[in-house]
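Structure, as C-alpha cells:
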Amino acid sequence: MAETTTTTHSVTVAQRPLVVSWAGKTDQGRRRDTNQDAFLAEYPLFIVADGMGGHAGGEIASRSTVERLQTIVTDGTVARPRIERALELAVGDIADHPETTDEGTGTTLTGVFLEFEGDEPHWVSLNIGDSRVYLLRDDRLVQVTTDHSVVQELIAAGKLSPEEAEGHPYSNVITRAVGASELTPPDYLTIDLRAGDRFVICSDGLTKELTDYGIQHFLRENAEPGPAVDAMLAAALENGGRDNVTIVVVQVSDAGDSSSTSDVSDS
C-alpha cells in the first residue's frame, strides 16, 4: 500500500504564523464489493461522506456531495451559506440520477473548515449522520460531533449505555443524511485555532474497528498526518475491515516547528 502524502498550508493567527497540514485516504475494506465513501481534503475544507443505498446509490450520493463541495473550494469562498447551497444542489443531483431509485439513498457528511470572520480564522465542524470528527488537544481525545443515529438518541434518553450501543441491532441506522429526506442544515460547532491540535475525520468503517483509545494511540505514535492515516487504516483492516474505511487527519503546528515540514505544500 502506497504511503499517504501530507500536504501543508500556511495561515496567520494573531500575527503568529502557523502551518495546517493534512492527509486523507479511503479504502474499500475487506468485505464490501464497492467503496461508497468519499472525501475531500483541500484547504480550507476537510470532509468525509459515507454513502448508503441499493445498487450504486451510496457511491453516487457521496460522490455528488463531495463534487458540489469541491466547487465552492475551487471558487474560493467556503462559508456556511455556500455549504448549505452546495448540499441542496447535491440533493438534487442524487434525486435526478437514474441509478438512485432506492428511497434510502443518501450520505453522511462530516468534517471541519476554516472560517474567517474579521482577521482571526477559527475552525467550524459540520455534521450530518454518524461519521465523526475527533479532536486531540493537550493529549486528550474528544469526539467533537454528535452522531445522528437511533442508537445515539437511545443513549441520550438514558435507555442505552455506550457499551450496549456497540452491538445494538440498530447501530447502523442514522436519523439524518444528505439526500435521504428533506435536507436539514448540518450541525455546526466553532472551535478556536490552536497550534498542536489534531483532528481525525472518519467514516464509521474506522470506528467499528478502532476504539477512541486506539485512535489516540496511533496519533501519539505518528507525528505527521500521512503516517497517522496509514497506521489507523492498517489497524482497521487488520481488525476486520467490515466496512469502507475513510480517514482524514488535519493538524496545526507553529511555522517554526521542524515537525510541520511535509511532502507537499499548497501555500
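The values are calculated or read from the model by the stated rules, or taken from the named source; none is laboratory data. As the structure is a prediction and not an experimental result, all values here were calculated from the model. Counting neighbours? That spans all protein chains shown, and the Cβs are built from the backbone with ideal geometry, glycine included. Areas reflect the complete protein model, heavy atoms only, side chains present, ligands, DNA and RNA absent. Shrake-Rupley method; radii C 1.70, N 1.55, O 1.52, S 1.80 Å.
Taking only region 192-209 into account, find how many residues are open to solvent by 30 Å² or more (accessible area, probe 1.4 Å) and either in contact with a helix residue (DSSP H, G or I) (Cβ under 6 Å, 6 or more places away or on another chain) or more than 26 Å from Ser10 (Cα to Cα) (or both).
Total satisfying the criteria: 2.
Sort out which residues of region 21-41 are buried (at least 24 other Cβ atoms within 10 Å of the Cβ), closer than 30 Å to Gly256 by Cα and of a type in the set (A, V, I, L, M), and write them in order of number.
Within region 21-41, just Ala23 meets the criteria.
Give region 127-164 a look and list any residue that's in contact with a strand residue (DSSP E or B) (Cβ under 9 Å, 6 or more places away or on another chain) and hydroxyl-bearing (Ser, Thr, Tyr), or say none.
Across region 127-164, the qualifying residues are Ser131, Tyr134, Thr145, Thr146, Ser149.
Here's a check for you: in region 210-255, which residue that is over 18 Å from the mean Cα position of the chain (by Cα) and of a type in the set (S, T, N, Q) is most open to solvent (accessible area, probe 1.4 Å)?
By that ranking, first place goes to Asn239.
Can you name every residue in region 46-68 that is in contact (Cβ under 8 Å) with a residue 40 or more places away in the chain, crowded, with 20+ Cβ neighbours inside 10 Å and aliphatic (A, V, I, L, M)?
Scanning region 46-68 gives Ile47, Val48, Ala49, Met52, Ile60, Ala61.
May I ask you to list pairs of residues, at least six apart or on different chains, whose Cβ atoms are under 8 Å apart, with the first in region 8-24 being without any contact (Cβ under 8 Å) to a residue 24 or more places away in the chain and the second being assigned to a strand (DSSP E or B)?
Here the result reads Thr12/Leu18, each pair linking region 8-24 to a residue that is assigned to a strand (DSSP E or B).
Select, from Ile128, Ile83, Ile94, the only residue that is more than 19 Å from the chain's Cα centre (by Cα) and either basic (Lys, Arg) or buried (at least 20 other Cβ atoms within 10 Å of the Cβ) (or both).
After ruling out the rest, the residue left standing is Ile94.
Which pairs turn up if I take residues in region 166-178 that are under 19 Å from Ala90 (Cα atoms) and look for partners that are open to solvent by 40 Å² or more (accessible area, probe 1.4 Å) and part of a loop (DSSP other than H, G, I, E, B) with beta carbon separation below 7 Å, at least 6 apart in sequence or on another chain?
From region 166-178, the pairs are Arg176/Thr184.
Only one residue in Glu59, Glu120 is among the acidic types (Asp, Glu), at pLDDT below 95 and closer than 30 Å to Pro17 by Cβ. Which one? Walk me through it before giving the result.
Details: Glu59 fails: closer than 30 Å to Pro17 by Cβ.
One residue alone meets the criteria, Glu120.
Just to be sure before I move on: is Leu189 in contact with a Pro (Cβ under 7 Å, 6 or more places away or on another chain) and closer than 27 Å to Val11 by Cβ in the structure I sent?
No; evaluated as a whole, the condition is false for this residue.
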